[in-house]
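The values are calculated or read from the model by the stated rules, or taken from the named source; none is laboratory data. Bear in mind that the values here come from a model prediction, so they are computed numbers and not experimental data. Note that each Cβ is placed from the backbone with ideal geometry, even for glycine, and that neighbours are counted across all protein chains shown. We work out accessible area using only protein heavy atoms, side chains counted, and drop any ligands, DNA or RNA first. Shrake-Rupley method; radii C 1.70, N 1.55, O 1.52, S 1.80 Å.
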Amino acid sequence: MKRKKESIRIIMLFVVSLVFYLVWYLIDGIILTEDAPSYIHMQSDREPGYCLYLWLFRVVFGEALSLHAAVVTQCIVAAVAACAVTVQLTRFFALNWLGSAGVLAVQYGITLLNRFVAQRRYSYFNSIETEGLSYSIWIFYFLCVLGILYHRDKGDRMRSVAGAVFWSILLISIRKHMLITLVILFVVMFCAYWRSKGWFRAGVCALLVCLVGFAGTKLIDCSYNLMMRGTFAPHTGDSSFILGTELYLADVQMVSYIREEQNKELFLEIMRRAEAKEYNTAYAESGWQAVVDHYSTAYDRIKFDIVMPVIREYQEAQGIAEADREESYNRIAGTLMRELLVPSIPRLLRLFGCNVIHGLVTTVLKVHRVLNWAALLVYLLYAAAIAALVLFTGTQRGDGEAGEMRRDAACRAEWFALLVLLSIAVNVCFTSLTIYCQMRYMLYNTGLFYQAWGIMILKLWEQRIHQKKTSRGTCL
């Protein structure tokens, strides 16, 4: 009977979540983002996951209905993710109805912020972009990672490992910066297994699992290109991400690091056009926020409005066939990226520091002169909650089975909070190395951060109520 009631509650939760996410599709329709055409047309510089996702719906539903089917499916997956995170966190931390409602409210709240507060003014789940799918898959991945930490049964823990690897492969196949999932998985597996296996064996096991995950992503990538283009090779264009940043930081003196004459001419022409538009770090005002604002404005414009046209003009002048131009572009971009990397390192490090600060703020709040300090306060309060829980779990003893359950839930909340901090740090640092930390790259951990913080506060409150009851009983 208890299981039946729980099943009914889960079904109702899913239905409510599905209605919530579908509402924005019905109101706003399909949102075609700037990147949408490159995934719809399956460009070779895009990761295969989302391209194959859209292709599958074209095959099944045809051109006219494919995007509608894709968006509705994204809403369904988002509803499943909202349902899964609410149910699993409730089980992991023995949450009461208020805690469960808070977890769900945070999950919905991220969409409401994007729809009504953020500049984009739409839900990601009814848009054609990778985040429409990857946000939900990230939740599935994170729940599996938590399972590795929490499950004591060997079979349950191994299923969590297998699930984490599976979702990691999917995420990396959709977005290359999701390589962070393998870094997080390595750390979590090492922490989960080092006591039982020793640090060396735990490290080797974690490394082997991550290598399996990485090999799986490469197999999908190469197989996709074999299917589409007849070549068993990974997708192209990765070098253009770092090249855009290098060109933003470069000056004309760096031409001395470029070997081929034709590439020197291309570089100087790119620099001339970037200079005319002031797309260079020299034109950024002082302060980390001003630097990142200028960089984020210039980055895409350098890539799409300058680099691509300059190389295309060169290809036309050289009479390079249309079929060979993409390969030629990637060769030129890759060569320039490698040759400009070393002289760009000092400036890259400075920009990296600015990006990291911007990413940490964007993960929990919006970048603003006042909110920047509020973000620092939020992180300090989050750390204080962790410290308070550590103090509680380290000092409280006795109280029978009920006390052990409270300590276990509090200890789990500590690990959850620390894992979210690790995830934020890895995501911010990895993104800062390759591109700027715009909101859609940071939102993966925003909901988890506030859910972890709320659960810690709830556990501390429950302990406070218990202490009051205990003290009253002692007095009596």
Pick from region 447-465, criterion in contact (Cβ under 8 Å) with a residue 60 or more places away in the chain and among the β-branched types (Val, Ile, Thr), ranking: most open to solvent (accessible area, probe 1.4 Å): 457
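Conditions tested, residue by residue: (1) among the aromatic types (Phe, Trp, Tyr); (2) free of Cβ contacts under 8 Å to residues at least 24 places away in the same chain.
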| residue | (1), (2) |
| --- | --- |
| 67 | no, no |
| 78 | no, no |
| 92 | yes, no |
| 98 | no, no |
| 101 | no, yes |
| 115 | no, no |
| 128 | no, no |
| 142 | yes, no |
Filter pass, residue 226 being modelled with pLDDT under 95, assigned to a helix (DSSP H, G or I), of a type outside the set (Phe, Trp, Tyr) and over 30 Å from residue 280 (Cβ atoms): yes
Any chance residue 17 is in contact with a helix residue (DSSP H, G or I) (Cβ under 9 Å, 6 or more places away or on another chain), assigned to a helix (DSSP H, G or I) and either of a type in the set (S, T, N, Q) or open to solvent by 60 Å² or more (accessible area, probe 1.4 Å) (or both): yes
Some residue of region 192-206 being of a type in the set (D, E, K, R), modelled with pLDDT of 90 or more and open to solvent by 70 Å² or more (accessible area, probe 1.4 Å): yes
Single residue of region 175-188 satisfying the filter (open to solvent by 10 Å² or more (accessible area, probe 1.4 Å) and aliphatic (A, V, I, L, M)) that is farthest from residue 151 (Cα to Cα): 179
Filter result for residue 96 (within 22 Å of residue 448 (Cβ to Cβ), open to solvent by 30 Å² or more (accessible area, probe 1.4 Å) and not hydrophobic (A, V, I, L, M, F, W, C)): yes
Lone unmet requirement of (1) open to solvent by 10 Å² or more (accessible area, probe 1.4 Å); (2) part of a helix (DSSP H, G or I) for residue 344: (1)
Number of positions in region 296-306 that are touching a helix residue (DSSP H, G or I) at 6+ places or on another chain (Cβ under 6 Å) and either among the β-branched types (Val, Ile, Thr) or modelled with pLDDT of 90 or more (or both): 4
Selected residue (criterion: least open to solvent (accessible area, probe 1.4 Å)) from residues of region 102-140 that are part of a helix (DSSP H, G or I) and among the charged types (D, E, K, R): 131
Residue list for region 141-161, filter: of a type in the set (A, V, I, L, M) and open to solvent by 60 Å² or more (accessible area, probe 1.4 Å): 158
Flag for residue 275 being under 20 Å from residue 331 (Cα atoms), free of Cβ contacts under 8 Å to residues at least 12 places away in the same chain and surrounded by fewer than 18 Cβ atoms within 10 Å (Cβ to Cβ): no
So residue 376, is it out of contact with any helix residue (DSSP H, G or I) (no Cβ under 7 Å at 6 or more places or on another chain), more than 30 Å from residue 267 (Cα to Cα) and free of Cβ contacts under 8 Å to residues at least 24 places away in the same chain: yes
Condition check for residue 320: outside any helix (DSSP H, G or I) and either open to solvent by less than 70 Å² (accessible area, probe 1.4 Å) or in contact (Cβ under 8 Å) with a residue 40 or more places away in the chain (or both): yes
Residue check for residue 43: closer than 18 Å to residue 16 by Cα, open to solvent by 40 Å² or more (accessible area, probe 1.4 Å) and of a type outside the set (Asp, Glu): no
Qualifying positions in region 200-223 - under 16 Å from residue 149 (Cα atoms) and without any contact (Cβ under 8 Å) to a residue 24 or more places away in the chain: 202, 203, 205, 206
